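Worksheet: one structure, shown below.
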There are 2 protein chains.
Amino acid sequence: MATLVQKFGGTSVGDAAKIKRAAEKVKRAKDEGHEVVTVVSAMGKSTDALVDLAYQLSEEPDKRELDMLMSTGEQVTISLMVMALKEMGIDAVSLTGWQAGIRTEDVHQNARITDIKTENLERHLKEGKVVIVAGFQGMTPEGEITTLGRGGSDTTAVALAAALKAESCSIFTDVTGVYTSDPRVVKKARQLQSISYDEMLELANLGAGVLHPRAVEFAKNYSIPLIVRSSMIDQEGTVVEEEASMEQNLVVRGLAFESAVTKVTVERMPNRVDTLSSLFTSLAESGINVDVIIQQVTEDQKVNVSFSIHTQALKETLEVLETIQSKLQYQKVRHVDQLSKVSIVGSGMISNPGVAADMFRVLAKEEVPVEMVSTSEIKVSTVIEEKYMVKAVESLHTFFELDERVEVRA
Amino acid sequence: MATLVQKFGGTSVGDAAKIKRAAEKVKRAKDEGHEVVTVVSAMGKSTDALVDLAYQLSEEPDKRELDMLMSTGEQVTISLMVMALKEMGIDAVSLTGWQAGIRTEDVHQNARITDIKTENLERHLKEGKVVIVAGFQGMTPEGEITTLGRGGSDTTAVALAAALKAESCSIFTDVTGVYTSDPRVVKKARQLQSISYDEMLELANLGAGVLHPRAVEFAKNYSIPLIVRSSMIDQEGTVVEEEASMEQNLVVRGLAFESAVTKVTVERMPNRVDTLSSLFTSLAESGINVDVIIQQVTEDQKVNVSFSIHTQALKETLEVLETIQSKLQYQKVRHVDQLSKVSIVGSGMISNPGVAADMFRVLAKEEVPVEMVSTSEIKVSTVIEEKYMVKAVESLHTFFELDERVEVRA
């Protein structure tokens, strides 16, 4: 009997009616003859309310105690989900993270799963029960409750799928699958039947994904097919799996974009071996997230460094640069805002060296100047003026044959 | 260093401001040089909201899952309490029931504590931390989460005090202590400095107490002094302890009363050995709570049985009696409603045989007819007409010297 793992996020279990609807999906998988393990998140915004309370009591709440507090959210959902299932005649049992044997490292708020002791889970499955597991949480070997940080419930689901050698892991969410691009902006965006782990990872890291990168990485490492699908309507989702089993004809699978990007250029620093590390260590220590980085050495052996940041971080970035002026001995700092980042992602690029060139040609044809470029094996990112973003995205979407059409499964 | 156990009920931790106020009381005990273990309940009515959700999903929610659900309430409070303490510079740590080593029998919704494994608690105390423990919950040897039922947090506190050989157990609540009678009705009611376990048990069982009988019994068995005190204002509370250390001069310590009592009389049954057991087993099986019972054998060897019930249970009682008429072969059922029960409680009665007579004399002087009487070693209960209740209570309160005055500790 194949084991299926399912996961329902917070919006999919936001109230009693939604929990019932999710329970119906669990029941269906069970009725089809599968062993079913279902991971649930905290209901809707219930965790936010708890965290609000914490900040009423402490400016900087203790991390261990935040874990103690926040882990109650999923514990509420698991019990309610079992009640809903029992009402439908399905035998089920709820398990907290620690009861489900999810062991983590001794880090609060952002622990990684180290091991899953499956005895308890397997005992309940053998008794024919659906097992409902609290996502996002685990326990250290010393019996301390931990939480897994952002995307934690996805990670719980994938880790359980790996430990139980499940056939697949379905992530039920408020979208119907993974799209070629954000359908709110790109009207012709369409849902993908499948996407590779690596492509999904790039899209997830670009903020365009519905899955957390950690969960995707975990699924990739253990070759667990992930299925992203809607918790509200019945529709096939998108399968995240190894390249081999997918449509091969698409060079570019997805297109991600974000606005509010600012480019900062630090000009004419002496060309020393520690210049780059000094600069970016200082920025990192202030919690400033730097994205694309370009370094250029001038003819007279001075160094210019440009990097992109979120526009919100500009003020702090300039302050940090001010404090390290004497150290870096730069001549000038300039910045350009109202920029955006547009990226194309696809495993097919590896064997198609001309893809970046294609992208630049499309942008040139639309008369969009490119401010910065960054590439990986399966991704090309460009920084362009914000006002060109939508036009650029739509042209690229059409050029790379991502527009809505009837897709035939390979 | 003496160990103190404290307990804060739901109304004492109902919001962030109240949690802060409770934390100040914890801090004070710690600052005085004690090892402090504090038990907390769920915030205000938060558990009710969770149970409401459960009933939206199931007409009869699974008991195991209700425990899973309800135990989150205290887990929220413990973490918030630690955050509040840390903000005040007090090192503290929260422990759920299972983390605190509270082992229970394998019964859901109403488990009894079987054992407390104190290693974890003692380790944290040795490190100088205040330990905040979730009340009302425990774990079975198989790792199932259980709750202790009504009065559960009081029981947790007393059980921890016994296991840790604590000096005392303070129950912080929304009243300032134990009163001679209900101060909302008896204007001259006053707070007691001390009361014995047995007296407290009688009062608690009469519904007049602020403590759950289970907790009092536990405290009595392990000789843990209980201190009932206000969580809102600074004031000495009432100590519940062994008789020896208390004022000896009071024969009657407290006066309890309740209205909406109905007396039911089953007349002229054949005098068989199983008559009483048949009658009261049938009533018990229907969940009808019977209080005072009087049996009388007539001259011609027929049996009359009178018993008091809550007026709400009258209709069902009459129905049950109807179904067992052929079995009991009674001639008639009569009932009198608009009655009340007035009880006096005091350990001093044991050595003062005239106390019941005193009570009847007071009632006679006020021209209050007595419908029923029931006595125990330290209690006399009378059932009288409801319209006389307040007058009777006030007269008895004065006669037994319970009225407000300056009390001098023995």
Share of Cα-Cα pairs in the range B:56-139 lying beyond 16 Å, as whole percent: 57
Other-chain or far-sequence residues with amide H under 5 Å of B:ASP115's (modelled H): B:ARG103
Interface burial for A against B (accessible surface, 1.4 Å probe, total of both chains, Å², rounded to 100): 3300
Distances in nm from B:GLY33 to the matching label points in the other copies, shortest first (labels 7 Å along Cα to Cβ): 7.4
Intensity falloff of chain B expressed as log10 I(q)/I(0), Debye formula with alpha-carbon point scatterers, at q = 0.09, 0.10, 0.14 Å⁻¹: -0.65, -0.78, -1.24
Label geometry 7 Å along the beta-carbon vector: B:GLN56 inter-copy distances in nm: 2.1
GNM flexibility winner over chain B from B:VAL390, B:VAL305, B:VAL261 (Cα, springs under 10 Å): B:VAL305
Degrees, to the nearest 10: B:389-399 long Cα axis against longest axis of chain B: 70
Calculated label separations, A:VAL370, copies of the chain, 7 Å along the beta-carbon direction, nm: 10.3
Intensity falloff of the range A:173-246 expressed as log10 I(q)/I(0), Debye formula with alpha-carbon point scatterers, at q = 0.13, 0.21, 0.23, 0.24 Å⁻¹: -0.34, -0.89, -1.06, -1.14
Efficiency of FRET between A:ALA260 and B:GLU142 - r from beta-carbon atoms, R0 56 angstrom, step 0.05: 0.60
At most 12 other Cβ within 10 Å, DSSP loop - GluC sites (Glu not before Pro), the range B:140-232: B:GLU142
Distribution of pairwise C-alpha distances over the range B:3-174, 10 Å bins, in %: 11, 42, 34, 11, 2, 0
Sites A:GLN312 and B:VAL185 - FRET efficiency at Förster radius 45 Å, r taken between beta-carbons, to 0.05: 0.10
Computed accessible area, A:GLU385, all protein chains, 1.4 angstrom probe, square angstrom: 60
Computed [θ] at 222 nm, helices only, for chain A once each DSSP H run of length n ≥ 4 contributes -39500 (n - 2.57): -10500 deg cm²/dmol
Relative contact order %, chain A, counting alpha carbon pairs below 8 Å whose residues are six or more apart: 14
Rel. contact order, % - alpha carbon contacts under 8 angstrom, at least six apart, the range A:88-162: 36
Cα long-axis angle, helix B:63-87 against chain B (0 to 90 degrees, to the nearest 10): 50
Under 5 Å, built H, 5+ apart or other chain: amide partners of B:VAL373: B:VAL383
Accessible surface of the range A:3-174, 1.4 Å probe, proportion on carbon and sulfur as whole %: 45
Solvent-accessible area per residue for the protein assembly as shown (1.4 angstrom probe, square angstrom): 43
Of A:SER351, A:SER79, A:SER343, the one that fluctuates the most in a GNM where chain A has Cα springs shorter than 10 Å: A:SER351
Residue pairs, from the table A:LYS45/B:LYS86; A:LYS63/B:LYS30; A:LYS315/B:LYS18; A:LYS263/A:LYS379; B:LYS220/B:LYS379; A:LYS7/A:LYS63, whose Cα atoms sit over 28 Å apart: A:LYS315/B:LYS18
B:ARG123 paired with B:GLU59, simple spin-label distance in nm, labels 7 Å along Cα-to-beta-carbon: 4.8
List B:MET359, A:MET1, ordered by accessible area with a 1.4 Å probe, largest first: A:MET1, B:MET359
B:LYS20 accessible area, assembled protein chains, probe 1.4 Å, Å²: 90
Part-to-part distance (alpha-carbon centres) for the range A:189-241 and the range A:296-325, which is given in Å: 35
On Cα atoms only, tilt of B:46-57 relative to the major axis of chain B in degrees: 70
Efficiency of FRET from Cβ geometry, A:VAL51 and A:ILE350, R₀ 45 Å, rounded to 0.05: 0.60
Dimensions (Å) - the protein assembly as shown, Cα atoms, principal axes, largest first: 120, 65, 42
For the range B:67-82, residues shielded by at least 20 square angstrom of accessible area compared with the chain on its own, probe 1.4 Å: B:MET68, B:LEU69, B:THR72, B:GLN75, B:VAL76, B:SER79, B:LEU80
Axis-nearest residue in chain A [Cβ, rotation onto B], distance in whole Å: A:THR72, 2
Mean-position separation - Cα centroids, the range B:1-43 and the range B:343-410, in angstrom: 37
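The values are calculated or read from the model by the stated rules, or taken from the named source; none is laboratory data. What you are looking at is a predicted structure, and each value in this text was computed from that prediction instead of being measured. Glycine also receives a Cβ, built like all others from the backbone with ideal geometry; neighbour counts cover every protein chain displayed. Only protein heavy atoms, including side chains, enter the accessible area calculation; ligands, DNA and RNA are left aside. Shrake-Rupley method; radii C 1.70, N 1.55, O 1.52, S 1.80 Å.
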